[in-house]
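Since the structure comes first, as structure tokens, the remarks are kept for the end.
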Amino acid sequence: MDEMPHERGDIPVSRRGLVIGATLAGVPLVRSDAAAQGAATRGSVPGSLEVSLTVNGEARRLVLDPRASLLDTLREGLALTGAKKGCDHGQCGACTVHLDGRRVASCLTLAVQADGRAVTTIEGIAPAEGDLHPMQQAFIDHDALQCGYCTPGQIMAAIACVQEGHASNPDEIREYMSGNLCRCGAYAGILAAIQDAAPKMRVG
Amino acid sequence: MRPFSYARADGQAAAIRAVSAGGAGTRFLAGGTTLYDLMKLGVEAPERLVDINALPAIRGFDTTGPRELVFGAGARMSDVAADPRLVAEYPALSESLWKAASQQLRNMASLGGNLLQRTRCAYFRGGEPFACNKRVPGSGCAAREGIDRGHAVLGGSEACIATYPGDWAVALAAFDGVVDVAGPNGSRSIPLDALHREPGTTPEVETSLGRDEMILRIRVPVTPLGRASTYHKIRDRESYAFALASAAVALRMEGEVVREARIALGGLATRPWRAREAERGLVGQRLTAEAARAAGDAALRGARPGHHNAFRIELGARTVADALLIARQRV
């Protein structure tokens, strides 16, 4: 454990979970880096928490209202708008990101629970500027989208599906992609894209 | 969403103390897939959350023991569903996990939290405009005269017909699972079958768990019935939906003859529903299609339809029958 326990009232909290924050009424749920620095040194509002995340390989520090979802934090605090808000209740998969390498619904993840962890979003999967991840290329090649709103979540889920070893046949892909809905009905293309990308991902 | 404070517990005793001392508004937080969802709907409004995810003691699971399988309450559904020994020796337990939710949610949701998953009744989740005795005791039940297609046909009361939505608890009920819990006054063990309550006149009280009691682990006795088992789940769509009817079934056969049977129903009742009479009726019988169907009918005996859910009585009986025939193939 790299965390020193501290006591606050009757609830022991970890060092990173220590209560600090800003005090204005109506403050946004998320304040990012620069503001966090100020808040951290000033100290203040009960309830807000300082959180450190690694997002797409970059260390980020945020002051968060505990109510903030990881999805809202990414979109509004860090301007990473790739992950989409569809249902906001874990039912559609549009918000799928990877947390410590595993796919999660970022809308049902409290951002404070991602403290100290690594988040990967659709913005972080391309190997280099200008290149695409094999799964992104496969979605284009197989026309695996129409409106595109569900696509970032589909691609993040699809990459995880392959990495988990759940892409060995069409039925297994359908089962393990069932958490991502596509209202345009591009499922046939999505299935083909995953079948195409899976061996390319394994090659690396 | 109502504001709340959040703290991460760094020990089991500290977590229990914090929830106990914090009063009614203080809650344990594990995966959050039920609690945070309901907080967004305003159905849950805790003042303080005590995050227990960092407690190492509840995270692991061990399916290799000679006498029992042990599952930490904080183990994730996806990890346990994929355990090779569970897949091979207790397929019903594995299936009850991977046929629930989506892989995203299974990566988040804990085994203990899953047991306490709350009903999907739309009038409960819908909040304010709807009467709901579970959400606001004494306010009435909008489901009784409303759209009750997904509501319980077993175990309901005048006050509440909300279906228990989980799958894992149903499979555990069939295997005589036991839940170890700890609270401010020490530890105790609760048979899974005694964890969930029928609504009666107090539908807001869903389990026999104290507010400040924490689930530590779930234990399942090692049994030869594991291998010939299945969790058969029938849904409106093939995947990622709650059960219209489900059956956890396990068999010990001697040739064609049933020596022991376990049957538990999901999606049909106000709690995980063990069908012991149906089990007894199978013992000593040859497991023909007719015998399986008779067991299905016995399992649904006493079911009471509402306005839109009568079809699920027939569906439930057929689900049990099919499950028995699937399990028989696995002997």
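Quick notes
- Taking the listed residues B:Arg8, B:Arg48, B:Arg17, B:Arg85, the one that is of a type outside the set (Phe, Trp, Tyr), more than 12 Å from chain A (Cβ to nearest Cβ) and farther than 22 Å from A:Asp88 by Cβ is B:Arg85, with no other qualifying.
- B:Arg293 being part of a helix (DSSP H, G or I) and closer than 18 Å to B:Arg235 by Cβ: no
- Restricting attention to region B:51-74, the residues that are surrounded by fewer than 22 Cβ atoms within 10 Å (Cβ to Cβ) and either within 14 Å of another protein chain (Cβ to nearest Cβ) or part of a helix (DSSP H, G or I) (or both) total 6.
- Residue count, region B:281-331 (criterion: under 21 Å from the mean Cα position of the chain (by Cα), farther than 17 Å from B:Ala171 by Cα and polar (S, T, N, Q)): 1
- B:Glu158 being surrounded by fewer than 18 Cβ atoms within 10 Å (Cβ to Cβ), more than 25 Å from B:Ala303 (Cα to Cα) and out of contact with any strand residue (DSSP E or B) (no Cβ under 7 Å at 6 or more places or on another chain): no
- Candidate set from region B:101-143 (those that are over 23 Å from B:Pro203 (Cβ atoms) and in a loop (DSSP other than H, G, I, E, B)); member that is farthest from the chain's Cα centre (by Cα): B:Ser102
- Checked against (1) in a loop (DSSP other than H, G, I, E, B); (2) more than 11 Å from chain B (Cβ to nearest Cβ); (3) not hydrophobic (A, V, I, L, M, F, W, C), A:Gln154 meets all criteria but (1).
- Taken residue by residue, region B:306-329 has no member that is assigned to a loop (DSSP other than H, G, I, E, B), basic (Lys, Arg) and farther than 22 Å from B:Arg149 by Cα.
- Checking each residue of region B:123-133 against the condition of being closer than 24 Å to B:Arg219 by Cβ, away from chain A (no Cβ under 14 Å) and in contact (Cβ under 8 Å) with a residue 12 or more places away in the chain gives no match.
- Filtered residues of region B:101-122 (kept if within 13 Å of another protein chain (Cβ to nearest Cβ), in contact (Cβ under 8 Å) with a residue 12 or more places away in the chain and farther than 16 Å from B:Leu268 by Cα): B:Ala101, B:Ser102, B:Gln103, B:Leu105, B:Arg106, B:Asn107, B:Met108, B:Ala109, B:Ser110, B:Gly113
- When region B:20-40 is limited to residues that are more than 8 Å from chain A (Cβ to nearest Cβ) and in a loop (DSSP other than H, G, I, E, B), the one that is nearest to the chain's Cα centre (by Cα) turns out to be B:Thr34.
- Qualifying positions in region B:159-181 - among the acidic types (Asp, Glu) and in a loop (DSSP other than H, G, I, E, B): B:Asp167, B:Asp176
Bear in mind these aren't lab numbers, they're just calculated from the coordinates by the rules spelled out. On a predicted model such as this, the values are computed, not experimentally measured, just so you know. With ideal geometry, Cβ positions are generated from the backbone for all residues, glycine too; neighbour counts draw on all protein chains shown.
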